[in-house]
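Worksheet: the structure to be examined is printed underneath.
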Amino acid sequence: MEQEALRGLKADWAADRRTFPMSWGKAMMWLFILGDAFVFGTFLISYLAARAAATLPWPDTGKVFALHVGGAEVPLLFVFLMTLILMSSGGTMALGVAYGFRGDRKRAALFVGLTALLGAIFVGMQAVEWTNLLREGVRPWANPWGAPQFGASFFMLTGFHGLHVSIGVLYLAIVAVRIARGVYERRGDYGPVEIAGLYWGFVDIVWIFLFTLLYLW
Amino acid sequence: MGGTSAKHAESGLHHAHEPTSFWTKYVFSQDHKVIAIQYTVTALLVGAVGLVFSWLIRLQLGFPGSVSIVQPDSYLQFMTQHGMIMVIYLLTALLLGGFGNYLIPLMIGTRDMAFPFLNMLSYWTYFVSVILLFAAFFVAGGASGAGWTLYPPQSVLEGASPGAGWGVRLLLLSIAVFVASGTMGSLNYITTVLQLRTQGMTLMRLPLSVWGIFVGAVLALLAFPALFVGGVMLLLDSLFGTSFFIPIVNVFGQQLGREGGNPLLFQHLFWYFGHPEVYIVILPAMGLVSDILANHARKPIFGYRAMVWALLAIGGISFVVWAHHMFVSGMNPYFGFWFAAATVVIAIPSAVKTYNWLLTLWRGNLRFPTPMLFAIGFVSTFVAGGLTGLFLGNVIADVPLHDTYFVVGHFHLVMGVSAIFAILAGIYHWFPKAVGRMYNETLGKVHFWVTFVGAYLIFFPMYWMGFMGLPRRYFSFAAVETLPPSVQGLNVLMTVAALAVGAAQLLFVFNMIWSALRGKRAEGNPWGATTLEWQTPTTPPPHGNWGPELPVVHRWAYDYSLPGAPRDFVPQTEPEPQPAAAAKAAKAAKSEPQPEEGSGA
Amino acid sequence: MQGPALAIVIVLLVAAAVGVTVLGIWWLPPLASNWGAIDMMLVITLVITGIAFVAVHAVIAYFVVRYRRARAKRAEFIPDNPKLEKLLIGVTALGIVILLAPGLFVYSRFIQPPPDPLVVEVLGQQWAWGYRLPGADGELGRADPELFAQNPFGVDTSDPKAGDDVLVFPGSPLHLPVGRPVLFKIRAKDVLHSVYVREFRVKMDAVPGLLTQVWFVPEKTGTFELLCAELCGIGHFNMKSSIVVESEAEFQDWLRRQTTVSQAFVPAQD
Ligand code: HEM
Ligand SMILES: [Cu+2]
Ligand SMILES: [Cu+2]
């Protein structure tokens, strides 16, 4: 029984033509995500290792990333908003893809465009956060509160992720325009929108890890 | 999932796009065959520079002081760039970018790579990385001399090693660009192998060349990230004064304002990439050699399934052995137990491959054109180099040998010479297909004999030097007082052999150029080979590779000397013999009484 | 004729390789420490890999002659032979276990220093070696990389244990007593270096920011070279030092004549 299932699995995989029942582009996006996950994974592990090796105390992230609201210090408020925005952009993207498959050109374009906008807002907020930190004296090589690896890791990780978001904004904007122009409708295939959605979903998920390891801990 | 429509759109793609202008045909070409040749020629040219550097190194070691441009600092620079060029810009680029591009679409029966534009981009990105690599020679302080491993702190502390300023920065930039290029390439190769195989080409019917390149590409996709991350962090340490890898240090009495970095972290990152890297190079090489041996032995490759599983096993295990390069690095010594055990386990699949190559020759009908000689040479040097890995992997035996010439001999034989032999075998073997003319056999044989004997003379004595304890990366051994004078004799021998081997490569270059212009016209299938690339409608294959119809595959890639067959090879495109097919059809008819769909027409 | 020619060349190369190795012209320098077990491992490994090396090449040489086209008519169709393959895998696995097991056993001794060794601090810097030995109190004083700014050994001169520490400045030889276990505690000032004494069969990297160690028992008197085995810049090939192994009495006598920390550096004022 088990053997048969195993043989079936092997036969499916070894079949001619296509190992995975999907378009080439989608297969490649999955592979890219796998590779990129290794990049982010390695970055995060390196960050943890650098943090473990640091000889000076690690700054208290709750204080560093606090926002002053009417005189009170609310830890992590700003980054919480950023996270919220990025997560909702994941939702709008899912809607965009779904409308695409339903053939609703207008709504698909709208939601993908909205996703790009939210992404752009996220990048903008990141720029604000960087500026604030720089103003407070955080540099890649030093900061006022302790281990220099803090600033180095922070700028490196958020910078690299921000680069992904920025590229994603450009990518989604192009896709939105192409949807609006009816490129996919004419082709009868909204697959490329789904592929863009995969990328965006990946960038979202990576942020959860960054957020947890960089801000919360 | 929209499969059929996409399929039609995708496979019809290339007919429409026959390039016409010179630029789109030869320079910014999207044809995998042209890109393959671009990759191959570029990599060989870069490799020639690496080869010249090796002469300078060898001249200094054999005849100290004989070349005035080789000084203690420039020696390290030549050595570093030699290693970097050979491993990354020659072997990796040529095996994946050159052979991967040429062979994958032809061997699996498709018209091109899945993403021809990405493919072109991959080549030109590689080209940019080469420019950056060479640009580093011309900046103040020159190229990096920190060893190809680029260990911090010295690689990025200005004053601590030659080229620690812009030299190493440009090198790191070049590496990052190379990683981008290699990733684009790998994504393409993997997708193509998984999704674009022609009808009948199941995974277990793929020629081993494709398997080797495929697994190599997967390793590249998953190992390059560590090099990229390590490189970026090192670049930040150099450019922005961060302290990822640099603790408090005091260089020539000067306390540098660094704090709390960990030099070993870089070593882990580097070797997490570095060990799989040697398999990125050697697995494709193994694949090529398997196909060439089977063809010229006129025998099926022995134990095809075992060969495939061995490739996968080596690829998998290669990710959990990296710290065998760090046994005496100061890491937690208890790691040594695991990394030693995992490392020597790799010897088993590697041995399986060796046995199966030998058993492929067994009871064969061997002929010895140049590619066959180089393929057998590969088996020999792979064994000569691979066995000594059992010293270096077995942690305690590594202690006296680590960072001595024993290591230099080991990796040159097992991955340097072997991979070069596989590449040369492959170039000779597929030259008639790629160019449409035969190479000159006599020149090829001379090339082989000098290179084969020379390689042993250069690299085998390094084992003895390693036992004697000569450290590697030494500009001169004059300061080591307790060496027997005969060591210098060995060094002279090795240098003379290196120069001879270098000269023999000129024969190869001449042979290739002359034969491409003047060689005898080649038939479509001069080696009597079974695989698809030899069944193309014209030679060299046209744009789009096949005529109006894609080939259909009916059998595995190794039906050599099949009993009962009229010739001693049966191409993969040949249907099963009539009686068997008829019997099968009859059986199918019996179990399924309804008339087949469309049979009435 | 390529088949027989290849066979002859392979036989000659292998004969030369094995012959010269066995003659032992170029071999390990004579052992001068307790690590005979390492030599033993090298010899076992050499024998096993040597047998495999000769066997593989003998098979190649035989096959290329026996099965060359001139003789054989048509190849035999032998796609595989599971029994033979399993047998070969079994033999290989056995060979590997024979190598690995004793190797790990020796290694576990290698990483566990014996009790009460003579502790010697080895300090690598571009491009020389310095040493620090405990004085009368038998203990080394505190050291910290921060303190390289104050003195070249980075010793905490205010630590009461440090004052009597014996310093061997770069360029001077280190003396060791014969027959007593020695534990090198290794530091680096600037970049990576590696402590390598060929006759002792020991090697361990010196890493800035980290304390590494390696132990051995010098068992022969004489002078040995300590080389740097990790690339450390342009002076790497010149970075060596001498180790003089002598009797306990001679060693004590030498130790007494060396400079101590309190003689060399003015203690830091608090
Ligand atoms: C005729 C061909 C070659 C000769 C004569 C040669 C010679 C040498 C020598 C003598 C060294 C050691 C220098 C030293 O430690 O002081 C060296 C280093 C090296 N070689 Fe080659 N080599 C050749 C081809 C190759 C090839 C094909 C590869 C590809 C794997 C390669 C990879 C390396 C690497 C990675 C290093 C280490 C560089 C370092 O220590 O940072 N070499 N070569
Ligand atoms: Cu390795
Ligand atoms: Cu050194």
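Using only the alpha carbons of chain C, what is the convex hull's orientation-averaged projected area in square nanometres? Could the numbers behind the result be given before it?
Numbers: hull surface 80.6 nm².
Averaged projected area of chain C's Cα convex hull equals 20.1 nm².
Using only Cα atoms, tell me the angle between helix B:578-591 and the longest principal axis of chain B; keep it within 0 to 90° and round to the nearest 10.
Around 70 degrees separate the two axes.
Can you give the local net charge around A:Met93? Use residues other than it whose beta-carbon is closer than 11 angstrom to its beta-carbon, Lys and Arg +1, Asp and Glu -1.
Neighbour charge sum, excluding A:Met93 itself: -2.
Below 8 Å, C-alpha to C-alpha, sequence gap of six or more: please give me the relative contact order for region C:1-95 in percent.
Numbers: 26 pairs, mean separation 47.3, N = 95.
Normalised by residue count, the contact order of region C:1-95 is 50 percent.
Suppose we flag trypsin sites (Lys or Arg not before Pro) only when DSSP calls them loop and at most 14 other Cβ atoms lie within 10 Å. Which is the longest uninterrupted stretch of chain B?
No qualifying site falls inside B:1-519, the longest such stretch.
Just the number, please: buried accessible area between C and B, total of both chains, 1.4 angstrom probe, nearest 100 square angstrom.
On the way: alone 16200 and 25210 Å², together 32260 Å².
Buried surface at the C/B interface: approximately 9200 Å².
What fraction, in whole percent, of alpha-carbon pairs in region B:318-370 exceed 18 Å separation?
Working: 721 of 1378 pairs.
Above the 18 Å cut-off, region B:318-370 has 52 percent of its Cα pairs.
Could you tell me, in Å, what Rg and Dmax come out for the Cα atoms of region A:25-216?
Gyration radius and largest Cα-Cα distance of region A:25-216: 18.7, 61 Å.
Count charges around C:Thr260 for me, please; just the other residues with Cβ under 9 Å from its Cβ, Lys/Arg as +1, Asp/Glu as -1. Don't jump to the answer; show the numbers that get you there.
Values: positive: none; negative: C:Asp164, C:Asp165.
With Lys, Arg at +1 and Asp, Glu at -1, the net is -2.
What value, in deg cm²/dmol to 500, does the helix sum -39500 (n - 2.57) over DSSP H runs of n ≥ 4 give at 222 nm once divided by the residues of chain C? Could the numbers behind the result be given before it?
Numbers: 5 runs with 95 residues, N = 270.
After summing the helix terms and dividing by residue count, I get -12000 deg cm²/dmol.
Below 15 Å, Cα to Cα, which aspartates and glutamates can C:Lys73 reach? Residues fewer than 8 away in the same chain don't count.
Counting by Cα, and skipping residues close in sequence, C:Lys73 has these aspartates and glutamates nearby: B:Asp568.
Taking the convex hull of the alpha carbon atoms in region C:1-151, what volume per residue do you get, in Å³? Each step should come with its number before you reach the end.
Working: hull volume 35.3 nm³, N = 151.
Taking the convex hull of the Cα positions in region C:1-151, it is 234 Å³ per residue.
Dividing the convex hull volume of the Cα atoms of region B:273-520 by its residue count, what figure in Å³ per residue is obtained? Provide the component values of the computation, followed by the final result.
Working: hull volume 33.8 nm³, N = 248.
Convex hull of Cα atoms, per residue: 136 Å³.
As an exercise, identify the trypsin sites (Lys or Arg not before Pro) in region C:1-103 lying in DSSP coil whose Cβ has no more than 10 other Cβ atoms within 10 Å. Please report the intermediate quantities before stating the final value.
Details: sites: C:Arg66, C:Arg68, C:Arg69, C:Arg71, C:Lys73, C:Arg74, C:Lys83, C:Lys86; in loops: C:Arg69, C:Arg71, C:Lys73, C:Arg74.
Answer in residue order: C:Lys73.
Compute the projected area of the convex hull of the Cα atoms of region C:179-233, averaged over all viewing directions, and report it in nm² to one decimal place. Can you show the working numbers first?
On the way: hull surface 15.3 nm².
Across all orientations, region C:179-233 yields a mean hull projection of 3.8 nm².
Return one number: the angle in degrees, 0 to 90 and rounded to the nearest 10, between the long axis of the Cα atoms of helix B:335-361 and the longest principal axis of the Cα atoms of chain B.
Rounded to the nearest ten degrees, it is 40.
How much accessible surface does B:Val232 have with a 1.4 Å probe, in Å² rounded to 10?
Taking all protein chains as shown, B:Val232 has close to 40 Å².
Can you give the translational diffusion coefficient of region C:118-264 in µm²/s, computed by Stokes-Einstein from the Kirkwood radius over Cα pairs at 25 °C and 0.890 mPa s?
Numbers: Rh = 15.2 Å.
Estimated via Stokes-Einstein, D reaches 161 µm²/s.
Region C:208-270 to region C:129-159: how many Å between their Cα centroids?
Taking the Cα centre of each part, region C:208-270 and region C:129-159 sit 13 Å apart.
Among the listed pairs A:Lys63/C:Lys185; B:Lys353/B:Lys445; B:Lys299/C:Lys86; B:Lys299/B:Lys520; C:Lys161/C:Lys240, give every one whose C-alpha distance is greater than 31 Å. List each step's numbers first, then the result.
Details: A:Lys63/C:Lys185 41 Å; B:Lys353/B:Lys445 26 Å; B:Lys299/C:Lys86 21 Å; B:Lys299/B:Lys520 27 Å; C:Lys161/C:Lys240 29 Å.
Going by Cα-Cα distance, A:Lys63/C:Lys185 fall outside the 31 Å limit.
Using only Cα atoms and rounding to the nearest 10 degrees, what angle (0 to 90) does helix C:2-23 make with the longest principal axis of chain C?
The answer is roughly 30 degrees.
What's the local net charge at B:Met107, with K and R +1, D and E -1, over the other residues with C-beta under 12 Å away?
Numbers: positive: B:Arg197, B:Arg205, B:Lys433; negative: B:Asp291, B:Glu533.
Summing Lys/Arg as +1 and Asp/Glu as -1 gives +1.
Taking chain A as a Gaussian network, Cα atoms linked when under 10 Å apart, which of A:Lys63, A:Lys26, A:Lys106 shows the biggest mean-square fluctuation?
Evaluated over chain A, the most mobile residue of the options is A:Lys63.
Quickly estimate the mean residue ellipticity at 222 nm for chain A, helices only: each DSSP H run with n ≥ 4 gives -39500 (n - 2.57), and the total goes over all residues, rounded to 500. It would help to have the intermediate numbers written out before the result.
Values: 8 runs with 162 residues, N = 217.
The helix contribution divided over chain A gives -25500 deg cm²/dmol.
Comparing C:Glu250, C:Glu199, C:Glu230, which has the greatest mean-square fluctuation in the GNM of chain C with Cα pairs linked when under 10 Å apart?
Maximum fluctuation in the GNM of chain C, among the listed residues, is at C:Glu250.
Taking Cα pairs under 8 Å and at least six residues apart, what relative contact order does region B:273-520 come out at, in percent?
On the way: 306 pairs, mean separation 54.4, N = 248.
Relative contact order comes out at 22 percent.
Using the scaling law 2.2 N^0.38 Å as the reference, what is the normalised Cα Rg of region B:435-557?
Values: Rg = 23.2 Å, N = 123, 2.2 N^0.38 = 13.7 Å.
That works out to 1.69 for region B:435-557.
From largest to smallest, what semi-axes in whole angstrom does the protein assembly as shown give when each is the square root of 5 times an eigenvalue of its alpha carbon gyration tensor? Intermediate values should be presented prior to the final figure.
Numbers: eigenvalues 521, 344, 121 Å².
Calculated on Cα positions only, the semi-axes equal 51, 41, 25 Å.
Roughly how large, in nm² to one decimal, is the mean projection of the convex hull of the alpha-carbon atoms in region C:1-59? Let's see the in-between values first.
Working: hull surface 17.7 nm².
The orientation-averaged projected area of the Cα hull of region C:1-59 comes to 4.4 nm².
Is there a simple number for the mean count of other chain Cβ atoms within 10 Å of the Cβ of residues in C:9-21, and what is it? Kindly include the intermediate steps, with their values, before the conclusion.
On the way: counts 5, 5, 0, 2, 8, 3, 0, 3, 6, 0, 0, 5, 4.
Per-residue shielding by partner chains comes out at 3.
Loop only by DSSP, 14 or fewer other Cβ within 10 Å of the Cβ. Give me the chymotrypsin sites (Phe, Trp or Tyr not before Pro) in region A:124-206 that pass, ordered by residue number. Present the calculation step by step, with values, prior to reporting the outcome.
Details: sites: A:Trp130, A:Trp141, A:Trp145, A:Phe150, A:Phe154, A:Phe155, A:Phe160, A:Tyr171, A:Tyr184, A:Tyr190, A:Tyr199, A:Trp200, A:Phe202; in loops: A:Trp141, A:Trp145, A:Tyr190.
Sparse-neighbourhood loop chymotrypsin sites (Phe, Trp or Tyr not before Pro): none present.
Sort all Cα-Cα distances of chain B into consecutive 20 angstrom bins from zero, then give the percent of pairs in each bin up to the one containing the longest distance.
So the P(r) values, bin by bin, are 19, 53, 24, 4, 0.
If you filter region B:464-570 for GluC sites (Glu not before Pro), then keep DSSP loop positions with at most 16 other Cβ within 10 Å, what is left?
Working: sites: B:Glu481, B:Glu523, B:Glu533, B:Glu549; in loops: B:Glu481, B:Glu523, B:Glu549.
Filter output for region B:464-570: B:Glu481, B:Glu523, B:Glu549.
Only helical DSSP H runs with n ≥ 4 go in: add -39500 (n - 2.57) per run for chain B, normalise by residue count and round the 222 nm mean residue ellipticity to 500 deg cm²/dmol. Write down the numbers at each step before the final one.
On the way: 20 runs with 351 residues, N = 601.
Rounded to the nearest 500, it is -19500 deg cm²/dmol.
The values are calculated or read from the model by the stated rules, or taken from the named source; none is laboratory data. Predicted, not measured: the structure shown is a model, and the values here were computed from it. Cβ sites come from the backbone with ideal geometry, for glycine too, and all protein chains shown count toward neighbours. All accessible areas refer to the heavy atoms of the entire protein, side chains included, with ligands and DNA or RNA removed. Shrake-Rupley method; radii C 1.70, N 1.55, O 1.52, S 1.80 Å.
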